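A short write-up of the structure that comes next.
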Amino acid sequence: MSHKDGRITGDKAIYKCVTGAIKYAVRAMFLLPSEDDPERPPKVIPTVSNLLMDATTTELKRLGWGKEKGKMYLSENFGGKTARSQLTEVELTQFFNQLKAMPTPVLQDTRA
């Protein structure tokens, strides 16, 4: 198979053309999406850092910590850093593990 001016030439050219036409017809007939649909948003593959950010958010909610408490903890335990976005992936993992190890606070019953 050879290419000339961006076109496929040779004995496979006709078969590739026919295959492409059949594929187009079947997709159009059954309204199947194509892989190259410009209207479909690209698939987002979460990074380890994004997963850790989500996990730490869950842990912070479980502990009942607000932004200020989280900032204070980070500052005290991670060299003055006050935001999770400032942490390396290793530090973010350490932060998550520290939060995970903390017990869930028990809510006091105030109905007495």
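Return the Rg/Rh value of region 15-112, two decimal places, where both radii are evaluated on C-alpha atoms and Rh is the Kirkwood radius.
1.37
Under the 0.36 nm per residue contour assumption, what length would be gained going from the current alpha-carbon distance of Phe30 and Ile14 to full extension?
3.3 nm
Leaving ligands, DNA and RNA out of it, report the carbon-plus-sulfur percent of the accessible area of the chain at a 1.4 Å probe.
Details: 5600 of 9370 Å².
About 60 percent, which is the carbon plus sulfur part of the accessible surface.
Restricting to DSSP H runs of at least four residues, report the calculated mean residue ellipticity at 222 nm for the chain, -39500 (n - 2.57) per run over all residues, nearest 500 deg cm²/dmol.
Theoretical 222 nm ellipticity from helices: -17000 deg cm²/dmol.
So for the pair Glu68, Ala21, with labels modelled 7 Å out along Cα→Cβ, what separation do we get in nm?
7.3
Would you mind getting the accessible area per residue of region 58-110, heavy atoms of the protein chains only, 1.4 Å probe, in Å²?
Here the residues of region 58-110 average 72 Å² of exposed surface.
Provide Val106, Val90, Val18 ordered by accessible surface of protein heavy atoms (probe 1.4 Å), highest first. Provide the component values of the computation, followed by the final result.
Working: Val106 120, Val90 100, Val18 75 Å².
Final ranking, largest accessible area leading: Val106, Val90, Val18.
The values are calculated or read from the model by the stated rules, or taken from the named source; none is laboratory data. From a predicted model like this one, the values you see are computed outputs, not experimental measurements. A quick note on method: Cβ atoms are made from the backbone with ideal geometry, for glycine too, and the neighbour counts reach across all protein chains shown. Surface areas here come from the heavy atoms of the whole protein model, side chains and all, with no ligands, DNA or RNA. Shrake-Rupley method; radii C 1.70, N 1.55, O 1.52, S 1.80 Å.
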